[in-house]
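Taking it in order: structure first as structure tokens, then the write-up.
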């Protein structure tokens, strides 16, 4: 089902207030599958209407919504042969109710009887009592057939276009990539090393009955053995710790900022990398740009929490004429919009919302940003090109194109680092590799030309 065109009149029910976590998951998934909203946005939209929801029920809602997105294609593969005919678009809610029930039966420690009964109750909440028998019968059939999702190969949980693209780009690693994308991502914290060592942070968390370990390759990263509410971890409110995957923490170190430098973080929201840059080297003048005003507010909140300041500007990174003051930068972080194919384990709705024809459009958008930002970098300066993608079109092919079209650049091969796969113009971290999300980094030095010396 094409999530961009599927329309469901019952999606209006997403505005109803309820404290039933399964109903809330249904409402969230209607927004994702029926309206094309991101899962994060959908969950916020739904949960904000239930402020008194018990923490355990909120967790169940998130687990169901994330789980159905993560295994949507596998669940559909098991569901479709058991239906006499496909659901009409106006009954998308019934299809999602079945997927929620199936996920509980196949992937959670939920009693079979409870999973079936609660799913039947959802048909009543949607005022579709005529479907009680359908939902009850189909779910009980799955129980009788002893269906297990573990028998399906990892690729069954992905759309065909992603499987094809990974087979072309990463034929030797595809199995590991697919399996990693079907797993839950670990909770990783960034420690402000100017205030506290990682060992000190781990000891403090141990006193809170939280188990964590240092990341072996990223010097500021601490990995928890299981997720927790970060607001309750000592150090969060004061800005000593922040939630950030280890792969994302690499950017600040690669920039190699020095006191007095002018630094640009383009496409900066929600501000995790901006915050880390300032924690790594506070005596820089940082400009953080984002074209979305509401997301710019997230950067401000992040910086306020850690007690740092930057020049925040609302603008399109590809159109510096609207925000650039004319002075060049010593460092630029081009953390460009991308397919986010490297963070599917963290955002499983990407499987449903992203499309094959999005990639060429993103590549052109990335090129426009690179072309606009490169003239803003001082000769002798460094630009870091970064994506959370694992598709070569967006990464090494993009860098090959850039180097081909710019004589005044040299690429740092990053031979001394131990993370990721060495590529012709950078390094690629694959999802789950060394416990990290999928990220690509290229470090580009702007050559000082004779004309620059004359100027």
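The numbers here are math on the coordinates, done by the rules we state, and not lab data. A quick note: this is a predicted structure, and the numbers were derived from the prediction, not measured. Glycine also receives a Cβ, built like all others from the backbone with ideal geometry; neighbour counts cover every protein chain displayed.
Which value at 222 nm does the chain reach when only helices count, each DSSP H run of 4 or more adding -39,500 (n - 2.57), with the total divided by all residues and rounded to the nearest 500 deg cm²/dmol? Using -39500 (n - 2.57) per qualifying helix, the result is -11500 deg cm²/dmol.
Of interest is the spacing of the C-alpha centroids, which for the stretch 222-252 and the stretch 111-152 amounts to 38 Å. In terms of other Cβ atoms within 10 Å, 112, 325 run from fewest to most in the order 325, 112.
In what sequence do 228, 338, 61 fall when counting other Cβ within 10 Å, fewest first?
Fewest-to-most Cβ neighbours within 10 Å comes out as 228, 61, 338.
Note on the chain: antiparallel DSSP beta bridges, both residues inside, total approximately 60 percent of the bridges counted.
Given R0 = 45 Å, the distance between the Cβ atoms of residue 195 and residue 77 translates into a calculated FRET efficiency of 0.35. Once C-alpha pairs closer than 8 Å and six or more residues apart are averaged by separation and normalised to the residue number of the stretch 272-351, the relative contact order reads 25 percent. Only Cα pairs under 8 Å and 6+ residues apart enter the sum, and on that basis the relative contact order of the chain stands at 12 percent. Applying the Kirkwood pairwise sum to the alpha-carbon positions of the stretch 188-243 produces a hydrodynamic radius of 10.9 angstrom. Here the stretch 322-345 and the stretch 350-428 have alpha carbon centers that stand 10 Å from each other.
If the segment from residue 358 to residue 121 were pulled out straight at 0.36 nm per residue, it would be longer than the present Cα-Cα gap by 81.5 nm.
Cβ neighbours within 10 Å, averaged per peptide: list 307-313, 426-432 in order, most packed at the top.
Those peptides, ordered most packed to least, come out 426-432, 307-313.
Sorting 371, 79 by the number of Cβ atoms found within 10 Å of their own Cβ, with the fewest placed first, yields 371, 79.
Extent along the principal axes, Cα only, for the chain: 82, 49, 40 Å, with the longest axis given first.
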